[in-house]
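Asker: Please read through the structure below; I'll follow up with questions.
The values are calculated or read from the model by the stated rules, or taken from the named source; none is laboratory data. This structure is a prediction, so every number in the text was calculated from the model and none was measured. So basically every Cβ, Gly included, is an ideal-geometry build from the backbone, and we count neighbours across all protein chains shown.
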Amino acid sequence: METKTSELGLVARVANVGKYYGEGTQRVAALDDVSIGIRRGKFTAIMGPSGSGKSTLMHLMAGLDSPTSGRVWLGDADITGLGDAELTKLRRRRIGFVFQSFNLVPTLDVMGNLQLPFALDGRKPNREEQQRIDALVKYLGLTQRVDHRPHELSGGQQQRVAIARALATSPEVIFADEPTGALDSRTSREVLLLLRSAVTESGQSIAMVTHDPVAASYADRILFLADGKIVKDTGAMTAEQISATMLNLEAAAA
Ligand SMILES: Nc1ncnc2c1ncn2[C@@H]1O[C@H](COP(=O)(O)OP(=O)(O)OP(=O)(O)O)[C@@H](O)[C@H]1O
Ligand SMILES: [Mg+2]
């Protein structure tokens, strides 16, 4: 019997995954033989230069894309060979996702977008869930915006709606691809504190891609990618230590 993901203290896991595009000399290894797990109840940051494979890794772990080789587990479920319908069901139940592009539904207003994960499940939020949504709206400064549609919001406001939506269902694991990329430093800090408290207070698990050493300093663990491989896996570090590590990795690559 194979050890279960949950027995390893993990919420998601990949083993020897590769994602390759193109053929021959055109071949690009977006991810190259990566094995890693996302720890339960921890905040993991994923860093690395542009094109190093961060989004690819997140998409594979969240079942949004399939690997060329290797295996992927979401919780204890091996999702490597699953079809779209099954994947969609698993994703809806288990994960929240903040995309690099915000992925809001343009025809729905903010509240409609926040209630979407429930609507997709064929129901309305119950009282407790609606209270959670309202608290997120208030915390993220979106109260005046609930009946606006995405095109009427700034980039940072759209990003906050996407974050609130990912947290609305209290999923077991949240994958966030640069969730603070479009935010000013004050709003960014608020979002990071919110993510931190989702982990510390509610025991949720977060994997967050970021380019920002300050954002990564909120994490319990930092994975560094370069050229499709994980080149460093460390515990919490200060923003200064993270900057220095990034500079070293970039210098080594140059
Ligand atoms: N559909 C595709 N076809 C060909 N190459 C692709 C495709 N998608 C991604 N790649 C390549 O795979 C590599 C990793 O891409 P990925 O989006 O994972 O990088 P990233 O680390 O998220 O970068 P960024 O910080 O810019 O978002 C890049 O070299 C990219 O060009
Ligand atoms: Mg990316």
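Asker: Give region 23-81 a look and list any residue that's more than 12 Å from ligand 1 (Cβ to nearest atom), part of a loop (DSSP other than H, G, I, E, B) and among the polar types (S, T, N, Q), or say none.
Answerer: Result: S66, T80.
Asker: Given (1) surrounded by 22 or more Cβ atoms within 10 Å (Cβ to Cβ); (2) within 16 Å of ligand 2 (Cβ to nearest atom); (3) of a type in the set (G, A, S); (4) assigned to a strand (DSSP E or B), where does A12 come up short, assuming only one miss?
Answerer: (2)
Asker: Does I95 satisfy being at pLDDT 90 or above, within 22 Å of M47 (Cα to Cα) and buried (at least 20 other Cβ atoms within 10 Å of the Cβ)? Show your work before the answer.
Answerer: Working: at pLDDT 90 or above: yes; within 22 Å of M47 (Cα to Cα): yes; buried (at least 20 other Cβ atoms within 10 Å of the Cβ): yes.
Yes; evaluated as a whole, the condition is true for this residue.
Asker: Using beta carbons and a limit of 6 Å, which pairs, at least six apart or on different chains, have the first residue in region 172-193 and away from ligand 1 (no atom under 16 Å from the Cβ) and the second one part of a strand (DSSP E or B) and of a type in the set (S, T, N, Q)?
Answerer: V173/S205
Asker: Does any residue of region 129-139 turn out to be surrounded by fewer than 15 Cβ atoms within 10 Å (Cβ to Cβ) and either within 24 Å of D184 (Cβ to Cβ) or modelled with pLDDT under 95 (or both)?
Answerer: Within region 129-139, the subset surrounded by fewer than 15 Cβ atoms within 10 Å (Cβ to Cβ) is 131, 135, 138.
Then drop every residue that is not either within 24 Å of D184 (Cβ to Cβ) or modelled with pLDDT under 95 (or both), which leaves 135, 138.
Checking region 129-139: at least one residue is surrounded by fewer than 15 Cβ atoms within 10 Å (Cβ to Cβ) and either within 24 Å of D184 (Cβ to Cβ) or modelled with pLDDT under 95 (or both).
Asker: Among the residues of region 17-44, how many are over 22 Å from I95 (Cβ atoms) and either more than 16 Å from ligand 2 (Cβ to nearest atom) or in contact with a Cys (Cβ under 6 Å, 6 or more places away or on another chain) (or both)? Quick ask: steps written out before the conclusion?
Answerer: Start the filter on region 17-44 by keeping residues that are over 22 Å from I95 (Cβ atoms), which leaves 18, 20-29, 32-33.
Next cut, either more than 16 Å from ligand 2 (Cβ to nearest atom) or in contact with a Cys (Cβ under 6 Å, 6 or more places away or on another chain) (or both) only: 18, 20, 22-27, 32-33.
Count: 10.
Asker: Somewhere in region 229-242, is a residue modelled with pLDDT of 95 or more, buried (at least 23 other Cβ atoms within 10 Å of the Cβ) and either within 16 Å of ligand 2 (Cβ to nearest atom) or assigned to a helix (DSSP H, G or I) (or both)? Lay out the reasoning, then the answer.
Answerer: Step one: of region 229-242, the residues modelled with pLDDT of 95 or more are 229-242.
Applying the additional criterion that residues be buried (at least 23 other Cβ atoms within 10 Å of the Cβ) yields 242.
Next, from what is left, pick out any that are either within 16 Å of ligand 2 (Cβ to nearest atom) or assigned to a helix (DSSP H, G or I) (or both): 242.
Yes: one or more hits.
Asker: List the residue pairs whose Cβ atoms are under 6 Å apart, where the first residue sits in region 45-61 and is within 9 Å of ligand 2 (Cβ to nearest atom), the second is of a type in the set (K, R), and the two are 6 or more positions apart or on different chains.
Answerer: Close Cβ pairs (under 6 Å, with a partner that is of a type in the set (K, R)) amount to T56/K19.
Asker: Return the residue satisfying two criteria in turn: it lies in region 97-135 and is acidic (D, E) and either without any contact (Cβ under 8 Å) to a residue 12 or more places away in the chain or within 21 Å of L194 (Cα to Cα) (or both), and of such residues it is farthest from ligand 2 (Cβ to nearest atom). Give the derivation first.
Answerer: Keep residues of region 97-135 that are acidic (D, E), which gives 109, 121, 128-129, 134.
Still in the running and either without any contact (Cβ under 8 Å) to a residue 12 or more places away in the chain or within 21 Å of L194 (Cα to Cα) (or both): 128-129, 134.
Details: E128: 34, E129: 30, D134: 32 Å.
That would be E128.
Asker: Of all helices (runs of 4 or more DSSP H) completely enclosed by region 119-225, which ones contain at least 3 residues that are hydroxyl-bearing (S, T, Y) and closer than 30 Å to E250 by Cα? Lay out the reasoning, then the answer.
Answerer: Values: elements: 127-139, 155-168, 185-200, 213-216.
Because the criterion is at least 3 residues that are hydroxyl-bearing (S, T, Y) and closer than 30 Å to E250 by Cα, the helices (runs of 4 or more DSSP H) in region 119-225 that meet it are 185-200.
Let's see how each residue does on (1) out of contact with any helix residue (DSSP H, G or I) (no Cβ under 8 Å at 6 or more places or on another chain); (2) modelled with pLDDT of 95 or more; (3) surrounded by fewer than 18 Cβ atoms within 10 Å (Cβ to Cβ):
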{"residue": "F102", "(1), (2), (3)": "no, no, no"}
{"residue": "Q115", "(1), (2), (3)": "no, yes, no"}
{"residue": "G122", "(1), (2), (3)": "yes, no, yes"}
{"residue": "L153", "(1), (2), (3)": "no, no, no"}
